[in-house]
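Worksheet: the structure to be examined is printed underneath.
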Amino acid sequence: MEVDDQIRKVQAGDLNAFAEIVRIYERPVRAWVVSRCLPGGDADEVAQKTFVQAFRRIDDYEIGTDFRAWLFAIARYQMMAECTRLKRLADYHTRYAPVALNREIERRAAESDDDPNQLLIFLRRCLKELDPQPRQILDLRYAEELPLAEIAELTDRSVGAIKKHLFTLRLKLHECIQRKKAAEALP
């Protein structure tokens, strides 16, 4: 009855009465939202939008029915909207990341004074200097484009070990290219 009294006051124009409704339901709504929120979702934002929407639609609520159920239905729809927003954001990042990466590579290439063909020649020379096993891992990853998990399975290593090994190999290749570039620059 206390909630129905507060709702009547809000419907009559007493905005302070809604603060009491929020006080009563804030923790249960927030707990419900937090328990269902996807990683990366903003549970506090969803809970706040729930109360804002409830306030806007308070005149639609029928006194005597289950206010808690009505409020949690609003929270459910707000949660669905948040999930849609997160999916849209993930989709955007999935499509945008390769574009951004290409732009950055092109920008760096345009800024570089290095001859790309010469760097490629250096890279080929450095690859020939590698032992067969590291070369095989590079081929699996970059020529055959296998996922790290498959490479790990084929080589009986963990994904973390493969990541670390690839990082070390890329670093060695970079250093080798820099050495060859510096040696060629000498008179």
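The values are calculated or read from the model by the stated rules, or taken from the named source; none is laboratory data. Note that the structure is a prediction, hence the values are computed from the model and not measured. Heads up, the Cβs are rebuilt from the backbone with ideal geometry, glycines too, and the neighbour counts pull from every protein chain shown.
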Search result, residues across region 4-40 that are surrounded by 17 or more Cβ atoms within 10 Å (Cβ to Cβ) and at pLDDT below 90: Cys37
Matching entry among Glu150, Glu175, Glu129, Glu144 (being acidic (Asp, Glu) and within 25 Å of the chain's Cα centre (by Cα)): Glu150
Residue within region 166-182 that is out of contact with any helix residue (DSSP H, G or I) (no Cβ under 7 Å at 6 or more places or on another chain), modelled with pLDDT of 90 or more, among the hydrophobic types (A, V, I, L, M, F, W, C) and in a helix (DSSP H, G or I) present: yes
Verdict on Arg135 being in a helix (DSSP H, G or I), in contact (Cβ under 8 Å) with a residue 12 or more places away in the chain, out of contact with any strand residue (DSSP E or B) (no Cβ under 7 Å at 6 or more places or on another chain) and among the charged types (D, E, K, R): no
Test for Ala73: is it without any contact (Cβ under 8 Å) to a residue 12 or more places away in the chain, assigned by TED's automatic domain parsing to the domain that holds Ala31 and not polar (S, T, N, Q): yes
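So, in region 96-142, of the ones that are of a type in the set (Gly, Ala, Ser) and surrounded by 10 or more Cβ atoms within 10 Å (Cβ to Cβ), which residue ends up modelled with the highest pLDDT? It would help to see each step written out before you state the result.
Filtering region 96-142 down to residues of a type in the set (Gly, Ala, Ser) leaves 97, 100, 109-110, 112.
Going one step further and asking which of them are surrounded by 10 or more Cβ atoms within 10 Å (Cβ to Cβ), we end up with 97, 100, 109, 112.
Details: Ala97: 71, Ala100: 76, Ala109: 64, Ser112: 62.
Out of the qualifying residues, it is Ala100.
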Residues of region 140-167 that turn out to be under 23 Å from Arg179 (Cα atoms) and not aromatic (Phe, Trp, Tyr), as a count: 3
